[in-house]
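The values are calculated or read from the model by the stated rules, or taken from the named source; none is laboratory data. As the structure is a computational prediction, the values presented were derived from the model and not from experiment. Cβ: placed from backbone, ideal geometry, glycine included. Neighbour counts: every protein chain shown.
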Amino acid sequence: MTPRLYLTFPLLAVLIWTGNNLVTKASAGAIPPSVIAFDRWLLAFVLLTPFCLRRAWVSRAVIRRHLAQITILGLLGMALYQGLAYYAAASTSATNIGIFVALVPLLTLAIGAAWLRQRQGPLALAGGLVSLAGILFVLGQGDYGRLLSHGVGRGDAYMLGACIAYAGYGVCLKRWPLPLPVWTSLYAQIAAGLIFLLPGYLLAPAAPITPATIAMVAYAGIPTSILAPVLWMQGVKHLGPGRTAIFMNLLPITTAVLAALLLDEVLHPYHLVGGGLVVLGIVLTQRPAKAPAAASVQG
(Lines give C-alpha, C1' and ligand atoms only; values in the text may rest on other atoms or scores of the structure.)
Protein backbone atom coordinates (compact mmCIF):
# COMPACT_ATOMS: atom_id res chain seq x y z
CA MET A 1 0.00 0.00 0.00
CA THR A 2 1.40 3.39 -0.98
CA PRO A 3 1.83 6.07 1.72
CA ARG A 4 -1.04 8.11 0.25
CA LEU A 5 -3.43 5.21 0.70
CA TYR A 6 -2.62 5.18 4.42
CA LEU A 7 -4.56 8.46 4.59
CA THR A 8 -7.73 6.48 3.90
CA PHE A 9 -7.50 4.78 7.32
CA PRO A 10 -8.24 7.86 9.51
CA LEU A 11 -10.49 9.34 6.82
CA LEU A 12 -12.74 6.27 6.82
CA ALA A 13 -12.72 6.23 10.64
CA VAL A 14 -13.91 9.85 10.75
CA LEU A 15 -16.63 9.11 8.19
CA ILE A 16 -17.83 6.17 10.32
CA TRP A 17 -17.91 8.39 13.42
CA THR A 18 -19.77 11.01 11.41
CA GLY A 19 -22.39 8.40 10.59
CA ASN A 20 -22.58 7.51 14.25
CA ASN A 21 -23.39 11.13 15.13
CA LEU A 22 -26.29 10.95 12.70
CA VAL A 23 -27.42 7.57 14.06
CA THR A 24 -27.26 8.98 17.59
CA LYS A 25 -29.58 11.80 16.58
CA ALA A 26 -31.88 9.53 14.54
CA SER A 27 -32.23 7.14 17.49
CA ALA A 28 -33.88 9.84 19.63
CA GLY A 29 -37.52 8.90 19.96
CA ALA A 30 -37.01 5.58 18.19
CA ILE A 31 -35.03 3.70 20.86
CA PRO A 32 -34.72 4.59 24.57
CA PRO A 33 -31.21 6.02 25.15
CA SER A 34 -30.29 3.44 27.78
CA VAL A 35 -31.38 0.61 25.47
CA ILE A 36 -29.30 1.56 22.44
CA ALA A 37 -26.34 2.40 24.70
CA PHE A 38 -26.46 -1.14 26.15
CA ASP A 39 -27.36 -2.97 22.94
CA ARG A 40 -24.54 -1.48 20.85
CA TRP A 41 -21.85 -2.52 23.35
CA LEU A 42 -23.47 -5.91 23.93
CA LEU A 43 -23.34 -6.53 20.18
CA ALA A 44 -19.68 -5.48 20.03
CA PHE A 45 -18.89 -7.69 23.05
CA VAL A 46 -20.58 -10.73 21.50
CA LEU A 47 -18.78 -10.25 18.18
CA LEU A 48 -15.39 -9.81 19.87
CA THR A 49 -15.83 -12.82 22.19
CA PRO A 50 -14.59 -15.51 19.73
CA PHE A 51 -11.41 -13.50 19.17
CA CYS A 52 -10.77 -12.08 22.65
CA LEU A 53 -12.18 -14.47 25.26
CA ARG A 54 -9.27 -16.92 25.23
CA ARG A 55 -6.64 -14.17 25.59
CA ALA A 56 -8.71 -12.49 28.30
CA TRP A 57 -8.88 -15.78 30.23
CA VAL A 58 -5.12 -16.26 29.92
CA SER A 59 -4.64 -12.67 31.14
CA ARG A 60 -7.17 -12.97 33.97
CA ALA A 61 -4.56 -12.41 36.68
CA VAL A 62 -3.45 -9.16 35.02
CA ILE A 63 -7.07 -8.09 34.56
CA ARG A 64 -7.75 -8.81 38.24
CA ARG A 65 -4.77 -6.69 39.34
CA HIS A 66 -5.93 -3.76 37.20
CA LEU A 67 -9.66 -4.26 37.72
CA ALA A 68 -10.18 -0.83 39.31
CA GLN A 69 -8.59 0.96 36.36
CA ILE A 70 -10.47 -1.17 33.83
CA THR A 71 -13.74 -0.45 35.64
CA ILE A 72 -13.17 3.32 35.55
CA LEU A 73 -12.21 3.16 31.86
CA GLY A 74 -15.36 1.19 31.09
CA LEU A 75 -17.47 3.72 32.99
CA LEU A 76 -15.95 6.75 31.24
CA GLY A 77 -15.40 5.46 27.71
CA MET A 78 -18.27 3.04 27.19
CA ALA A 79 -21.05 3.89 29.65
CA LEU A 80 -20.90 7.66 30.16
CA TYR A 81 -19.57 8.91 26.82
CA GLN A 82 -21.99 7.37 24.36
CA GLY A 83 -24.72 6.90 26.96
CA LEU A 84 -24.91 10.63 27.64
CA ALA A 85 -24.72 11.34 23.91
CA TYR A 86 -27.90 9.32 23.35
CA TYR A 87 -29.67 11.36 26.02
CA ALA A 88 -28.30 14.57 24.47
CA ALA A 89 -29.72 13.66 21.06
CA ALA A 90 -33.27 14.17 22.32
CA SER A 91 -32.77 17.93 22.59
CA THR A 92 -29.74 18.92 20.53
CA SER A 93 -28.83 18.61 16.87
CA ALA A 94 -26.44 16.22 15.15
CA THR A 95 -24.50 19.30 14.04
CA ASN A 96 -24.01 20.36 17.66
CA ILE A 97 -23.01 16.80 18.57
CA GLY A 98 -20.30 16.87 15.90
CA ILE A 99 -18.96 20.22 17.14
CA PHE A 100 -18.86 19.01 20.73
CA VAL A 101 -17.07 15.79 19.81
CA ALA A 102 -14.41 17.86 18.04
CA LEU A 103 -13.64 19.44 21.43
CA VAL A 104 -12.44 16.14 22.92
CA PRO A 105 -8.73 16.67 22.04
CA LEU A 106 -8.79 20.09 23.70
CA LEU A 107 -10.59 18.79 26.78
CA THR A 108 -8.00 16.01 26.94
CA LEU A 109 -5.22 18.60 26.95
CA ALA A 110 -6.98 20.55 29.71
CA ILE A 111 -7.52 17.50 31.94
CA GLY A 112 -3.98 16.30 31.25
CA ALA A 113 -2.59 19.69 32.25
CA ALA A 114 -4.57 19.67 35.50
CA TRP A 115 -4.03 16.02 36.48
CA LEU A 116 -0.72 15.02 34.91
CA ARG A 117 0.88 18.47 35.21
CA GLN A 118 1.53 18.52 31.48
CA ARG A 119 2.77 21.95 30.46
CA GLN A 120 1.09 23.52 27.45
CA GLY A 121 2.72 26.03 25.14
CA PRO A 122 1.23 29.40 24.21
CA LEU A 123 -0.23 28.03 20.97
CA ALA A 124 -2.10 25.32 22.86
CA LEU A 125 -3.47 27.88 25.30
CA ALA A 126 -4.49 30.21 22.48
CA GLY A 127 -6.10 27.31 20.63
CA GLY A 128 -8.07 26.38 23.73
CA LEU A 129 -9.41 29.90 24.10
CA VAL A 130 -10.33 30.14 20.40
CA SER A 131 -12.18 26.82 20.51
CA LEU A 132 -13.94 27.80 23.74
CA ALA A 133 -15.11 31.00 22.04
CA GLY A 134 -16.38 28.88 19.15
CA ILE A 135 -18.37 26.44 21.25
CA LEU A 136 -19.87 29.26 23.33
CA PHE A 137 -20.87 31.00 20.09
CA VAL A 138 -22.72 27.86 19.01
CA LEU A 139 -24.36 27.44 22.41
CA GLY A 140 -25.54 31.04 22.34
CA GLN A 141 -26.78 30.59 18.76
CA GLY A 142 -24.55 33.42 17.62
CA ASP A 143 -25.19 35.67 20.62
CA TYR A 144 -23.02 35.45 23.72
CA GLY A 145 -25.58 37.54 25.60
CA ARG A 146 -28.26 34.94 24.89
CA LEU A 147 -26.07 32.29 26.48
CA LEU A 148 -25.83 34.38 29.66
CA SER A 149 -29.57 35.01 29.81
CA HIS A 150 -30.89 31.58 28.76
CA GLY A 151 -28.08 29.27 29.90
CA VAL A 152 -27.09 25.99 28.27
CA GLY A 153 -29.76 23.63 26.97
CA ARG A 154 -30.15 20.18 28.52
CA GLY A 155 -28.99 18.34 25.40
CA ASP A 156 -25.87 20.48 25.04
CA ALA A 157 -25.10 20.01 28.74
CA TYR A 158 -25.38 16.23 28.36
CA MET A 159 -23.12 16.37 25.32
CA LEU A 160 -20.52 18.45 27.11
CA GLY A 161 -20.59 15.93 29.97
CA ALA A 162 -20.14 13.10 27.47
CA CYS A 163 -17.09 14.77 25.93
CA ILE A 164 -15.55 15.50 29.33
CA ALA A 165 -16.00 11.81 30.21
CA TYR A 166 -14.29 10.73 26.99
CA ALA A 167 -11.46 13.21 27.47
CA GLY A 168 -11.00 11.79 30.96
CA TYR A 169 -10.96 8.33 29.41
CA GLY A 170 -8.09 9.36 27.13
CA VAL A 171 -6.10 10.83 30.01
CA CYS A 172 -6.68 7.71 32.12
CA LEU A 173 -5.42 5.53 29.28
CA LYS A 174 -2.20 7.54 29.29
CA ARG A 175 -1.98 7.61 33.09
CA TRP A 176 -2.64 3.86 33.41
CA PRO A 177 -0.88 2.02 30.57
CA LEU A 178 -2.40 -1.44 31.05
CA PRO A 179 -0.05 -4.41 30.42
CA LEU A 180 -2.61 -6.04 28.12
CA PRO A 181 -2.97 -6.41 24.35
CA VAL A 182 -5.09 -3.60 22.92
CA TRP A 183 -8.08 -5.79 22.03
CA THR A 184 -7.99 -7.65 25.34
CA SER A 185 -8.01 -4.34 27.18
CA LEU A 186 -10.90 -3.07 25.05
CA TYR A 187 -12.82 -6.31 25.58
CA ALA A 188 -12.46 -6.03 29.37
CA GLN A 189 -13.48 -2.37 29.31
CA ILE A 190 -16.61 -3.18 27.30
CA ALA A 191 -17.53 -5.84 29.87
CA ALA A 192 -17.17 -3.26 32.66
CA GLY A 193 -19.18 -0.70 30.69
CA LEU A 194 -22.01 -3.18 30.19
CA ILE A 195 -22.31 -3.66 33.94
CA PHE A 196 -22.83 0.08 34.41
CA LEU A 197 -25.31 0.24 31.52
CA LEU A 198 -27.36 -2.81 32.62
CA PRO A 199 -29.56 -1.10 35.28
CA GLY A 200 -30.72 1.59 32.85
CA TYR A 201 -31.41 -1.05 30.23
CA LEU A 202 -33.53 -3.14 32.62
CA LEU A 203 -35.52 -0.10 33.79
CA ALA A 204 -36.19 1.27 30.30
CA PRO A 205 -39.33 0.48 28.29
CA ALA A 206 -38.93 -2.16 25.62
CA ALA A 207 -37.59 -0.83 22.33
CA PRO A 208 -39.57 -1.59 19.17
CA ILE A 209 -37.81 -4.09 16.92
CA THR A 210 -37.95 -2.71 13.40
CA PRO A 211 -35.53 -2.73 10.46
CA ALA A 212 -34.61 0.87 11.35
CA THR A 213 -33.83 0.18 15.02
CA ILE A 214 -31.89 -2.97 14.15
CA ALA A 215 -29.84 -1.00 11.62
CA MET A 216 -29.09 1.72 14.20
CA VAL A 217 -27.84 -0.75 16.79
CA ALA A 218 -25.86 -2.66 14.16
CA TYR A 219 -24.17 0.51 12.92
CA ALA A 220 -23.30 1.65 16.44
CA GLY A 221 -22.12 -1.82 17.46
CA ILE A 222 -20.07 -2.90 14.45
CA PRO A 223 -18.58 -0.08 12.34
CA THR A 224 -18.47 2.46 15.17
CA SER A 225 -17.33 0.20 18.03
CA ILE A 226 -15.06 -2.21 16.15
CA LEU A 227 -14.14 -1.13 12.61
CA ALA A 228 -13.45 2.58 13.23
CA PRO A 229 -10.99 1.93 16.12
CA VAL A 230 -9.10 -0.57 13.92
CA LEU A 231 -8.85 1.97 11.09
CA TRP A 232 -7.77 4.71 13.49
CA MET A 233 -5.07 2.53 15.08
CA GLN A 234 -3.78 1.67 11.60
CA GLY A 235 -3.63 5.38 10.82
CA VAL A 236 -1.64 6.05 13.98
CA LYS A 237 0.67 3.15 13.13
CA HIS A 238 1.46 4.30 9.58
CA LEU A 239 1.07 8.08 9.81
CA GLY A 240 1.87 8.84 13.43
CA PRO A 241 -0.47 10.26 16.10
CA GLY A 242 -0.03 13.89 15.04
CA ARG A 243 -0.91 13.47 11.36
CA THR A 244 -3.76 11.13 12.24
CA ALA A 245 -5.27 13.48 14.83
CA ILE A 246 -5.62 16.23 12.20
CA PHE A 247 -8.39 14.22 10.55
CA MET A 248 -10.58 14.78 13.61
CA ASN A 249 -10.87 18.39 12.41
CA LEU A 250 -13.15 17.10 9.66
CA LEU A 251 -15.72 15.69 12.08
CA PRO A 252 -17.82 18.82 12.74
CA ILE A 253 -17.76 19.67 9.03
CA THR A 254 -18.81 16.24 7.76
CA THR A 255 -21.44 15.93 10.48
CA ALA A 256 -22.96 19.33 9.67
CA VAL A 257 -23.07 18.65 5.92
CA LEU A 258 -24.56 15.16 6.20
CA ALA A 259 -27.03 16.23 8.91
CA ALA A 260 -28.29 18.94 6.55
CA LEU A 261 -28.56 16.48 3.66
CA LEU A 262 -29.95 13.42 5.47
CA LEU A 263 -31.72 14.75 8.57
CA ASP A 264 -32.97 18.04 7.12
CA GLU A 265 -31.18 19.99 9.83
CA VAL A 266 -30.80 23.70 9.14
CA LEU A 267 -27.18 24.83 9.00
CA HIS A 268 -27.17 28.29 10.57
CA PRO A 269 -24.39 30.88 10.16
CA TYR A 270 -23.50 30.51 13.85
CA HIS A 271 -22.73 26.82 13.20
CA LEU A 272 -20.25 27.83 10.49
CA VAL A 273 -18.62 30.57 12.55
CA GLY A 274 -18.53 28.66 15.83
CA GLY A 275 -17.52 25.37 14.21
CA GLY A 276 -14.79 27.18 12.29
CA LEU A 277 -13.42 28.65 15.51
CA VAL A 278 -13.43 25.20 17.12
CA VAL A 279 -11.47 23.73 14.19
CA LEU A 280 -9.04 26.67 14.17
CA GLY A 281 -8.40 26.20 17.86
CA ILE A 282 -7.73 22.51 17.37
CA VAL A 283 -5.28 23.26 14.54
CA LEU A 284 -3.42 25.71 16.80
CA THR A 285 -3.11 23.17 19.61
CA GLN A 286 -1.67 20.59 17.21
CA ARG A 287 1.11 22.89 16.03
CA PRO A 288 4.28 21.98 17.92
CA ALA A 289 5.72 24.69 20.06
CA LYS A 290 8.99 26.09 18.78
CA ALA A 291 11.77 24.68 20.91
CA PRO A 292 14.80 26.75 21.96
CA ALA A 293 17.84 26.27 19.72
CA ALA A 294 19.90 24.62 22.46
CA ALA A 295 17.15 22.13 23.23
CA SER A 296 16.87 21.03 19.62
CA VAL A 297 20.45 19.73 19.50
CA GLN A 298 20.66 16.05 20.27
CA GLY A 299 23.87 14.60 21.61
*asked:* Just checking: which of the helices (runs of 4 or more DSSP H) contained wholly in segment 1-119 hold 1 or more residues that are closer than 30 Å to Arg154 by Cα?
replied: 8-27, 33-58, 67-73, 81-88, 94-102, 104-115
*Taking only segment 245-272 into account, find how many residues are part of a helix (DSSP H, G or I) and in contact with a Lys or Arg (Cβ under 9 Å, 6 or more places away or on another chain).*
1
_Quick check on segment 42-54. Is at least one of its residues closer than 25 Å to Ile253 by Cβ, more than 18 Å from the chain's Cα centre (by Cα) and of a type in the set (Val, Ile, Thr)?_
no
_Residues satisfying the stated conditions in segment 66-107, i.e. of a type in the set (Ser, Thr, Tyr) and farther than 20 Å from Thr18 by Cα_ = Thr71
*(1) out of contact with any helix residue (DSSP H, G or I) (no Cβ under 6 Å at 6 or more places or on another chain); (2) of a type outside the set (A, V, I, L, M); (3) modelled with pLDDT of 75 or more: which one isn't true of Thr108, the others all being true?*
(1)
*asked:* Tell me yes or no: at least one residue of segment 12-29 is more than 19 Å from the chain's Cα centre (by Cα) and either of a type in the set (A, V, I, L, M, F, W, C) or at pLDDT below 95 (or both).
replied: yes
_When you scan segment 138-151, do you find a residue that is surrounded by 22 or more Cβ atoms within 10 Å (Cβ to Cβ) and in a helix (DSSP H, G or I), even just one?_
yes
*Going through segment 21-41 one residue at a time, which ones are among the aromatic types (Phe, Trp, Tyr) and over 30 Å from Ile253 (Cβ atoms)?*
Phe38
*Can you tell which of Leu67, Leu47 is within 27 Å of Ala204 (Cα to Cα), touching a helix residue (DSSP H, G or I) at 6+ places or on another chain (Cβ under 9 Å) and modelled with pLDDT of 95 or more?*
Leu47
*Does Phe38 count as of a type outside the set (D, E, K, R) and surrounded by 19 or more Cβ atoms within 10 Å (Cβ to Cβ)?*
yes
*Starting from residues that are closer than 24 Å to Gly19 by Cβ and in contact with a helix residue (DSSP H, G or I) (Cβ under 9 Å, 6 or more places away or on another chain), keep the ones in segment 205-216 and report whichever is surrounded by the most Cβ atoms within 10 Å (Cβ to Cβ).*
Met216
*asked:* It is to be established whether one or more residues within segment 205-213 are of a type in the set (A, V, I, L, M), modelled with pLDDT of 90 or more and in a helix (DSSP H, G or I).
replied: yes
